Amino acid sequence: IVFRGGSSSQRANLAKIHVKQESNWGGQIELAGKSANGSLSDAYNVGLRVNGDGKVTTPEQPIASVSSSSTVDLSNTELTSSNFYNTTWTNNGNHFNASNGRFTCPVDGIYRIFFRASVNINSNIRLRKNGSTINEAYDDNHSHVYTRSSDAVVPAIAGDYLHIQVNRLKTIGGSQHKQVTFELLA
């Protein structure tokens with residue numbers, strides 16, 4: 001089923017409901033649309049799937065989980081692949097760009113950004129949206145290794161980006177000691 005709109009001289013396929021057969025007996029239903037500011041030739045963006053078991057899923061659930069396996073000692077910088085991100089656990093939809101450290105929100109929704117690291121000196125970590133701090137974790141403990149974590153749940157629109165800036169961060173080595181996750185919650 002295709003939904004059309006536009007003028008009488010230029011009809012555009014705006015949205016569709018598509019039934020896909022996966023096997024002789026199984027299939028799924030996809031609900032898809034086109035961006036309001038796109039072109040007529042744009043591909044459909046699948047927003048919802050109902051699989052053969054009747055379960056509702058979203059395609060390529062936007063989530064990225066990344067970390068660093070090395071010892072890190074940073075001051076006054078954004079976390080990027082040049083100074084932190086060298087291990088990618090998952091990047092569904094490829095919304096995370098390690099070179100600039102940004103997770104670009106693909107759709108309007110509620111997102112979560114999470115940071116955890118084992119540190120051995122005072123630290124100051126800023127969770128940010130579009131360059132503005134939304135949550136900050138700070139401590140001043142010089143005596144032993146401990147875990148510093150912070151997370152935030154924020155509304156975002158398509159095109160917003162989430163990222164992490166550190167004022168001071170000194171971590172121990174090993175990718176199990178550092179983890180950053182960006183994800184669409186709803």
Q | Accessible area in the full protein assembly, largest first, 1.4 Å probe, for 178, 55 | A | 55, 178
Q | Within-9-Å neighbourhood charge of residue 127 [Cβ basis; K, R +1; D, E -1] | A | +1
Q) How much length is gained on full extension from residue 88 to residue 153, taking 0.36 nm per residue of separation minus their Cα-Cα distance? A) 21.2 nm
**Q.** Spin-label pair residue 51/residue 186, simplified geometry with 7 Å Cα→Cβ offset, distance in nm
**A.** 2.3
Q: Please give the net charge around residue 154, taking every other residue with its beta carbon less than 13 angstrom from that of residue 154, where Lys and Arg add +1 and Asp and Glu add -1.
A: -1
Q) Counting only protein chains, not ligands or nucleic acids, how are 95, 163 ordered by accessible area (probe 1.4 Å), most first? A) 95, 163
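The values are calculated or read from the model by the stated rules, or taken from the named source; none is laboratory data. Note that this is a predicted model, so its numbers are computed, not measured. Using ideal geometry, Cβ is built from the backbone for each residue, glycine included, and neighbour counts are taken over all protein chains shown. In case anyone asks, the SASA skips ligands and DNA or RNA and just uses the protein heavy atoms, side chains included. Shrake-Rupley method; radii C 1.70, N 1.55, O 1.52, S 1.80 Å.
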